[in-house]
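Colleague: I'd like to ask some things about the structure below.
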Amino acid sequence: MRKQIYLLNIKCSYSNINTNRAGKKVPSKNVNHINIHNVFTENTIEGLQNCDRSIKKIENEIKKKNKKEIEIKVEEVLNSLPVGMSNDIY
C-alpha cells in the first residue's frame, strides 16, 4: 500500500523514565520540549502517536541528545508539506 509522505515540523514533549526503589518504572515530573523537522507518513497528532515508525523516528532524534529511556507525547504539528508518495510496504 502506498502512502503520502509529508515533511513536518512537530512540537514534542518527553520525560525520562526512572526506576523507583520498588523497581517500578515511573516517568519523571520534569518535561522537556523539542521541535523536530523530519519526513513522516502521517500528518495528524493521532496518526503520529499510533504509528510505530513515526515514534521510532522521533525517539531516535531525541536519543541524539538524551541516552535514557523516554516517554514521548506529540503536542502539535507546526508545518505540513506534502512531498510525494511512498513505495514502502505498510
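The values are calculated or read from the model by the stated rules, or taken from the named source; none is laboratory data. A quick note: this is a predicted structure, and the numbers were derived from the prediction, not measured. All Cβ positions, even for glycine, are placed from backbone atoms using ideal geometry, and neighbour counts span all protein chains on display.
Colleague: Every residue in region 38-90 that is in contact with an Asp or Glu (Cβ under 8 Å, 6 or more places away or on another chain) and touching a residue at least 60 places away in the same chain (Cβ under 8 Å), please.
Modeller: Result: ILE72, single match.
Colleague: Select from region 56-68 the residues that are surrounded by 12 or more Cβ atoms within 10 Å (Cβ to Cβ) and either assigned to a helix (DSSP H, G or I) or in contact with a Gly (Cβ under 7 Å, 6 or more places away or on another chain) (or both) and list them in ascending order.
Modeller: Step one: list which residues in region 56-68 are surrounded by 12 or more Cβ atoms within 10 Å (Cβ to Cβ), which gives 57-59, 61-63, 66, 68.
Those that are surrounded by 12 or more Cβ atoms within 10 Å (Cβ to Cβ) and either assigned to a helix (DSSP H, G or I) or in contact with a Gly (Cβ under 7 Å, 6 or more places away or on another chain) (or both): LYS57, ILE58, GLU59, GLU61, ILE62, LYS63.
Colleague: Further, regarding this structure: Do we find a residue being modelled with pLDDT under 90 and charged (D, E, K, R) anywhere in region 68-88?
Modeller: Within region 68-88, one or more residues are modelled with pLDDT under 90 and charged (D, E, K, R).
Colleague: Tell me, please, whether a residue that is surrounded by fewer than 14 Cβ atoms within 10 Å (Cβ to Cβ), among the charged types (D, E, K, R) and not in a helix (DSSP H, G or I) can be found in region 32-43.
Modeller: no
Let's see how each residue does on (1) within 9 Å of the chain's Cα centre (by Cα); (2) of a type in the set (S, T, N, Q):
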{"position": "LYS24", "(1), (2)": "no, no"}
{"position": "LEU48", "(1), (2)": "yes, no"}
{"position": "ASN60", "(1), (2)": "yes, yes"}
{"position": "LEU81", "(1), (2)": "no, no"}
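Colleague: OK, next. Could you tell me whether GLY23 is on the phi > 0 side of the Ramachandran plot, free of Cβ contacts under 8 Å to residues at least 24 places away in the same chain and either in a strand (DSSP E or B) or not hydroxyl-bearing (Ser, Thr, Tyr) (or both)? Lay out the reasoning, then the answer.
Modeller: Working: on the phi > 0 side of the Ramachandran plot: yes; free of Cβ contacts under 8 Å to residues at least 24 places away in the same chain: yes; either in a strand (DSSP E or B) or not hydroxyl-bearing (Ser, Thr, Tyr) (or both): yes.
Here the answer is yes, as GLY23 does meet what is asked.
Colleague: State whether one or more residues within region 69-82 are of a type in the set (Lys, Arg) and in a helix (DSSP H, G or I). Steps first, please.
Modeller: Step one: list which residues in region 69-82 are of a type in the set (Lys, Arg), which gives 73.
Those left that are additionally in a helix (DSSP H, G or I): none.
So far as region 69-82 goes, no, none of its residues is of a type in the set (Lys, Arg) and in a helix (DSSP H, G or I).
Colleague: Out of (1) within 20 Å of LYS25 (Cβ to Cβ); (2) of a type in the set (Lys, Arg); (3) surrounded by 11 or more Cβ atoms within 10 Å (Cβ to Cβ), the odd one out for ARG53 is which?
Modeller: If we test ARG53 against (1) within 20 Å of LYS25 (Cβ to Cβ); (2) of a type in the set (Lys, Arg); (3) surrounded by 11 or more Cβ atoms within 10 Å (Cβ to Cβ), just (1) comes out false.
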